[in-house]
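In what follows, a structure is listed as structure tokens, so that the remarks can point back to it.
Readers should treat all values here as calculations from the given coordinates under stated rules, not as data from a laboratory. In this text the structure is predicted, and so the values were computed from the model without any measurement. Glycine gets a Cβ as well: all are built from the backbone with ideal geometry, and neighbour counts include every protein chain shown.
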Amino acid sequence: MPRFRYFPVSFDVAAKTVLVVGDGEAALQKLRLLARTQARLVLCATAPTPTLLAFVTEQGIRHAASEPTADLVREAALLFVATGDPVRDRWLAALARKFGVPVNVVDRTELCDFATPAIVDRAPLSIAIATDGHAPVLAQLVRAKIEALLPPAFGRLGALAESVRDTVLDSLPDNAARRRFWRALFNGRAAVAALAGEVERARVIALKSLSDAQTSPVRSGKVFLVGAGPGAEDLLTLRAHRVLLEADVIVHDALVPEALVAMGRRDATRIAVGKRKGNHTMHQEEIDLLLVSLAREGRQVVRLKAGDPMVFGRAGEEIAALRAAGIDHEVVPGVSATFAAAAEAAIPLTLRGVASHLVLATGHAAGGAEPDGWEALAASGATVAVHMGRSVAANVSARLIAAGLASSTPVAAIENAGRDGRRLFAGTLADLPALAARSEVDGPVLILIGPAVAHGDLTNAEPFRPSQCAVSAAA
């Protein structure tokens, strides 16, 4: 995963000197941005353009018609260099570092201690978009999209929060209770009044809600059983992402990539519960008890599962435990591995005149065997999707052939469907047992079996038997 060069932070400049050096448009752009802060601004410009000088005069910015002195640099909290002269840029950057002053040099990333992001201004709310200095035009495009989403009055919500923040901290010492209050505030009547410009009315409503929150009994939390999809971040549903951002606790399986877990709140508690085949760090009964316990503490809990929680995700057992305990719960569906795997090779799971049934199966069901009957459906022409299928490939092949399915039936297997490191294998039902012997195939594997598989795009598929590659090359 790529890493940031610049760590995004918000720097306190209230009542502090911020120094800008430059005579032209680049210096003006910096000052226009800085003029929205509470900093004491100083411009050092020996020959400012008329536009720059007019802006400085209009905003009451101090103007020094000379190079910055050592004393001026020493007292600065930040230094912005916009001279356009490589020699002056380097000298000023060195001077700033001599006094431990962070410096930003326009278009000279090698001289910068920090980068200036594109900013969406909804004061006191601000949204910074940065690209590590590589693509400022891209940052501006993203800024324009966010500007269109948030009305100019959106900052009033931040002002409302600021007006009651200290009272909330004193009244609700518990973090979870405060989060519930803020979540309700920003989605309730107080927010509507604030956005309409009724500032005092919004504050009155907020304080009344706070009083109610203090006297109300602690409510039980809620558990969301959320499908993370096959692993790609852009296959996570919008609802799943929203729920993740509201979660106090994220209880996740080992097959869920860290990048998806990280899409939740940074301060959310994260609990890994294993659940890889043959390696469970926590038994299902323990997970059930954990979910109930967390919800009874008033937490908003996300149970994050790979694929769809209702397809071989043991969600039914967790729902039964939550229902028995009287815990509120909700299922948020995800993209099943079946559909992600079929999409990788454009394999139609149903196809008119070829396959009208879809069977979802697993070789790792309760008791060690799938319930009887799915082999007969496969023999009638249905497409069979076998989850977690590599280690049971030989058994699946034997059972289906014994049920009457032709050994020449097309088969495809997809490793790591919907994520990096995906691989596609293809062959026939007779070839399938060879997949179990391929120890290098260690990611989750989904097997698709049936006549419809032949209508997919298998051009770049590897054979199940590695030796087949060598034979083909020799021929």
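Structure notes:
- Rounded to the nearest whole Hz, the Karplus-based 3J(HN,Hα) values (6.51 cos²θ - 1.76 cosθ + 1.60, θ = phi - 60°) of segment 25-34 follow the sequence 4, 5, 5, 4, 4, 4, 5, 4, 6, 6, with x at glycine and proline.
- Semi-axes of the equivalent ellipsoid for the chain, Cα gyration tensor, largest first, Å: 57, 33, 18
- Angle of helix 393-402 to the longest C-alpha principal axis of the chain, folded into 0 to 90 degrees and rounded to 10: 40°.
- Total charge dipole magnitude, the chain, about the Cα centre, Cβ charges on Lys, Arg, Asp, Glu only, Debye to nearest 20: 740 debye
- Largest-first principal axis extents of the Cα set of segment 153-215 (Å): 30, 18, 18
- Dipole of the chain [Lys/Arg +1, Asp/Glu -1 at C-beta], most positive-end residue of Phe114, Val396, Phe4: Phe114
- Over 17 Å [Cα-Cα, segment 222-335], rounded percent: 47 percent
- Helix 284-296 axis, angle to the chain major axis (alpha carbon atoms, nearest 10°): 30 degrees
- Between helix 50-59 and the chain: long-axis angle, C-alpha atoms, 0 to 90°, nearest 10: 90 degrees
- What separates the Cα centres of segment 21-57 and segment 63-91 is a distance of 13 Å.
- Relative to the current alpha-carbon distance between Leu125 and Arg296, full extension at 0.36 nm per residue lengthens the span by 58.2 nm.
- Comparing Cα centroids, segment 310-324 and segment 188-227 end up 31 angstrom apart.
- Summing Cβ point charges (Lys, Arg +1; Asp, Glu -1) relative to the Cα centre of segment 338-474 gives a dipole of roughly 100 debye.
- Fraction of alpha-carbon pairs over 28 Å apart in segment 338-474 - percent: 10 percent
- Taken about its Cα centre, segment 17-116 carries a charge dipole of roughly 240 debye when the Cβ of each Lys and Arg holds +1 and the Cβ of each Asp and Glu holds -1.
- Placing unit charges on the Cβ atoms of the charged side chains and taking the dipole of the chain about its Cα centre, the candidate lying farthest along the positive direction among Cys44, Trp91, Gly231 is Cys44.
- Sequence of Ser336, Ser10, Ser391 once ranked by neighbouring C-beta atoms within 10 Å, starting from the fewest: Ser10, Ser391, Ser336
- The chain, helix-only ellipticity at 222 nm - DSSP H runs n ≥ 4, -39,500 (n - 2.57), divided by all residues, nearest 500: -11000 deg cm²/dmol
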